[in-house]
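> Quick one: the structure is below, questions incoming.
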Amino acid sequence: QVQLQESGPGLVKPSETLSLTCAVSGVSISSSHWWTWVRQPPGKGLEWIGEIYHSGTTNYNPSLKSRLTISVDKSKSQFSLKLISVTAADTAVYYCAAVGLGAPPFDYWGQGTLVTVSS
Amino acid sequence: DIQMTQSPSAMSASVGDRVTITCRASQGVSNFLAWFQQKPGKAPRRLIYAVFSLQSGVPSRFSGSGSGTEFTLTISSLQPEDFATYYCLQHNAYPYTFGQGTKLEI
């Protein structure tokens, strides 16, 4: 059973960098999963941010690509999101999720973490 | 990007009602269409994948249908625990895109 747990600051100042980590347990991070980030602004819908495979291959949402980096740390069994130059529009609950290679999407989710962008 | 348009955006219904939610894609997504249920403060939960395949553990009152660009989620007889927000998702092409959601209220 894959378990995911997000962590990171709950408050980030405008123009600074939002950094989150997702700890993976119950399965090797080198297993056949795409490790994914999804976000949800308060009271709004879901937005796919991007994903990474253990090989380092990434796919990003073009709307965020210029500001986004997703990385994986196999030694710590975690993957991370870094979003630079944030604004209030980046305020959201950020979820990490797992998508099995060739499997139906988003089998597993973290519980989500709220990140507020405010001075 | 493939735009996913759900309708209605919100609806009221009663226990026992049959409910249908529609999702239209701006271009064909093959069978890479899933439905999710989300309750307040919780992560989404997958109900349906590959258009009509029921996720293990999901009650059989939930069903999916459609093809190409138009898809539906049907709840045959609403139960109290079904009042939630529902999202469709296309994962045929990057970036994956969700519908804007349908809030189902009592």
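> Evaluate the relative contact order of chain B (contact order divided by residue number), counting alpha-carbon pairs under 8 angstrom at least 6 apart; express in whole percent.
39
> List, largest first, the extents of the alpha carbons of chain A along their principal axes, each in whole Å.
Per principal axis, max minus min of the Cα coordinates gives 39, 26, 25 Å.
> When we measure straight from the Cα of A:Lys82, which lysines land under 19 angstrom away, once same-chain ones fewer than 8 places off are left out?
A:Lys13, A:Lys65, A:Lys74
> Another one. Within the accessible area of the range B:32-103, what % is carbon and sulfur when the probe is 1.4 Å and the other protein chains stay in place?
Of the solvent-accessible surface of the range B:32-103, carbon and sulfur hold 51 percent.
> Å³ per residue of the Cα convex hull, for chain B?
Dividing the Cα hull volume of chain B by its residues yields 88 Å³.
The values are calculated or read from the model by the stated rules, or taken from the named source; none is laboratory data. Note that the coordinates shown come from a computational prediction; the quantities given were computed from them, not determined experimentally. Quick note on the areas: whole protein, heavy atoms, side chains included, nothing else; ligands and nucleic acids left out. Shrake-Rupley method; radii C 1.70, N 1.55, O 1.52, S 1.80 Å.
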